[in-house]
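> Have a look at this one.
The values are calculated or read from the model by the stated rules, or taken from the named source; none is laboratory data. Since we're looking at a predicted model, the values are computed, not measured. Don't worry about glycine lacking a Cβ; one is built from the backbone with ideal geometry, like all the others, and counts go over all protein chains shown. All accessible areas refer to the heavy atoms of the entire protein, side chains included, with ligands and DNA or RNA removed. Shrake-Rupley method; radii C 1.70, N 1.55, O 1.52, S 1.80 Å.
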Amino acid sequence: MNMRLLTVAMLASVALSAVSAQATDLEVTHWWTSGGEAAAVKEFAKAFDATGNHWVDGAIAGSGDTARPIMISRITGGKPMAATQFNHGRQAEELVQAGLMRDLDDVATKENWKAVINPPSLLEGCTVDGKIYCVPVNIHAWQWLWLSNAAFEKAGVAVPKNWDEFVAAGPALQKAGILPLALGQQSWQVTGLFNNLLLAQGGKDLYLKVYQDKDAKAAAGPEMAKIFKAADDARKLAKGSNVQDWNQATNLVITGKAGAQSMGDWAQGEFQVANQVAGKDYTCLVDLGAADPYISTGGDSIYFPKLADADQSKAQEVLASVMMSPSAQLAFNLKKGSMPVRGDVDLTSANDCMKKGLAVLKKGNVVKSTDELITPDTTTQLNNLMTQFFNDASITPESAQKSYAEIIGSAD
């Protein structure tokens, strides 16, 4: 080897060593494990790895209800991951107050997150005592009804345009051997369906009276009685839906075995993985087809536990920056089925369903998600009640409403 080639090789070796020395492994825990979710999270991992660092995937199978206790136990037990998923809102509140999570003020200020994150309530949800503790990575709206066009064609009825039309089509679907409403058996799915009915049928004012104002009188009133009647209809239409996970319920719609599913827009990722086209193979109704639709600004945020290792702490800031970058926001959310938190991302490639959600967001018809308005303890109480109601036909809507009002009246 001549001296010139030797010098080039030595310089390359030094450069490679420098990159290797700077490369840092970061474990990221999350519950993004369905087909669409896994495809989306790979976009974040790919973007982070491109910085010379390495994403160590810490996926936990099951829902957030399964994953969160594990995540919290590790953080409080002194064995924290480098980054972890929580939903927007109050789920990490106690961890922040205990001083176990690091703030991201330097990154957020440098990159001017306040100017690009829309709606501003997402960043407010990450802020405790004036400091920013998380990266909101998406906007997930719960308020959707996903419909199988093939199922309604087989049943000989038009694809519904709202919840009332869907309920009316239930008998035709059953006669055709099709399950009208796919519903997974996990408690959060049942409560999510109920809350979708509340916003769509009861409207913004009733939703906020109950969850924001904790108005027990409103929760026990005649307007809420209509919601429990709708929930009674829903449990009858879902009878025989014996799947467990939400994506299994989505698959029933994708395969035409069920007419519909009320689920957040993360379900859209499953339709995409199955190569189904919005408006052709399936139909999506935002806010269950309400005339003046609203959506909640729920979704996912990434929090960063405090770490002793200086290199890992620095790499945490790199990961936060990557997740907020326009390119990663676009790639992740197109596959996740959610909407980007940045208001300056080019979404010309969004499908019809995402565009419907964006139109509602642009109009300003948004409410905070229940995760932002009530504590995890109250959520657990509601989950238990709704699970009992949907699985025990002997529980009347009136009895369930009475218990519901008591929970709301004592909520934090």
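Results for (1) modelled with pLDDT of 95 or more; (2) polar (S, T, N, Q), shown as yes or no for each residue.
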| position | (1), (2) |
| --- | --- |
| His88 | no, no |
| Ala92 | no, no |
| Asp103 | yes, no |
| Trp113 | yes, no |
| Asn118 | no, yes |
| Thr127 | no, yes |
| Asp164 | yes, no |
| Ala168 | yes, no |
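> Still on this structure, please answer the following. Find all pairs meeting these conditions: Cβ atoms under 6 angstrom apart; at least six residues apart or on different chains; first residue within the range 159-177 and charged (D, E, K, R); second residue at pLDDT 95 or above.
What qualifies is Lys161/Gly289.
> May I pose another question? Can you tell me how many residues in the range 361-372 are more than 17 Å from the chain's Cα centre (by Cα) and part of a helix (DSSP H, G or I)?
Of the residues in that region, 2 qualify.
> Just give me the residues in the range 46-56 being buried (at least 19 other Cβ atoms within 10 Å of the Cβ) and not polar (S, T, N, Q), in sequence order.
If the condition is that a residue be buried (at least 19 other Cβ atoms within 10 Å of the Cβ) and not polar (S, T, N, Q), then Ala47, Phe48, Trp55 are the ones that fit.
> Which residues, counting only those in the range 199-238, are closer than 27 Å to Ala182 by Cα, surrounded by 16 or more Cβ atoms within 10 Å (Cβ to Cβ) and charged (D, E, K, R)?
Matches in the range 199-238: Glu223, Lys226, Asp232, Asp233, Arg235.
> Another question, then. Can we say Asp311 is of a type in the set (Asp, Glu), over 30 Å from Thr29 (Cβ atoms), out of contact with any His (no Cβ under 9 Å at 6 or more places or on another chain) and in contact (Cβ under 8 Å) with a residue 12 or more places away in the chain?
no
> Let me ask you something else. Provide a single number: the residues in the range 385-409 that are small (Gly, Ala, Ser), exposed (fewer than 12 other Cβ atoms within 10 Å of the Cβ) and free of Cβ contacts under 8 Å to residues at least 24 places away in the same chain. Walk me through it before giving the result.
Filtering the range 385-409 down to residues small (Gly, Ala, Ser) leaves 393-394, 399-400, 403, 405, 409.
Among the residues that remain, those that are also exposed (fewer than 12 other Cβ atoms within 10 Å of the Cβ) are: 393-394.
Now narrow it down to the ones that are free of Cβ contacts under 8 Å to residues at least 24 places away in the same chain: 394.
So the answer is 1.
> Separate question: Can you name the residue in the range 90-108 that is closer than 23 Å to Val322 by Cβ and among the small types (Gly, Ala, Ser) and, of all such residues, is surrounded by the most Cβ atoms within 10 Å (Cβ to Cβ)?
By that ranking, first place goes to Ala92.
> What tally of residues in the range 312-329 results from selecting those that are within 27 Å of Met263 (Cα to Cα) and surrounded by 18 or more Cβ atoms within 10 Å (Cβ to Cβ)?
4
> From (1) modelled with pLDDT under 95; (2) surrounded by fewer than 22 Cβ atoms within 10 Å (Cβ to Cβ); (3) assigned to a helix (DSSP H, G or I), pick out the condition that doesn't hold for Val345.
(3)
> Which pairs turn up if I take residues in the range 113-135 that are small (Gly, Ala, Ser) and look for partners that are not in a strand (DSSP E or B) with beta carbon separation below 7 Å, at least 6 apart in sequence or on another chain?
Going by the 7 Å Cβ cut-off, the qualifying pairs are Ser121/Thr297; Ser121/Lys368; Gly125/His88; Gly125/Gly89; Gly125/Glu372.
> If we keep just the residues of the range 247-291 that are touching a Pro at 6+ places or on another chain (Cβ under 8 Å) and assigned to a helix (DSSP H, G or I), which is most open to solvent (accessible area, probe 1.4 Å)? Let's see the steps before the verdict.
Residues of the range 247-291 that are touching a Pro at 6+ places or on another chain (Cβ under 8 Å), as a first pass: 258-260, 285-287, 289.
Still in the list and also assigned to a helix (DSSP H, G or I): 287, 289.
Numbers: Asp287: 3, Gly289: 23 Å².
The extreme case among them is Gly289.
> Quick check on Thr84: is it of a type in the set (Ser, Thr, Tyr), out of contact with any Cys (no Cβ under 8 Å at 6 or more places or on another chain) and open to solvent by less than 20 Å² (accessible area, probe 1.4 Å)?
yes
> Still on this structure, I have one more. Could you name every one of the helices (runs of 4 or more DSSP H) located completely within the range 164-241 that has at least 3 residues being under 25 Å from Arg90 (Cα atoms) and over 23 Å from the mean Cα position of the chain (by Cα)? Steps first, answer last, please.
Numbers: elements: 187-197, 203-211, 216-219, 222-237.
In the range 164-241, the matching helices (runs of 4 or more DSSP H) lie at 216-219.
Conditions (1) more than 15 Å from Leu319 (Cβ to Cβ); (2) small (Gly, Ala, Ser), marked per residue:
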| site | (1), (2) |
| --- | --- |
| Gly52 | no, yes |
| Ile72 | yes, no |
| Thr84 | no, no |
| Asn87 | yes, no |
| Glu124 | yes, no |
| Lys131 | yes, no |
| Val135 | no, no |
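> Moving on to the next point. So, Gly299, is that one buried (at least 19 other Cβ atoms within 10 Å of the Cβ) and within 30 Å of Phe166 (Cα to Cα) or not?
It is true that Gly299 is buried (at least 19 other Cβ atoms within 10 Å of the Cβ) and within 30 Å of Phe166 (Cα to Cα).
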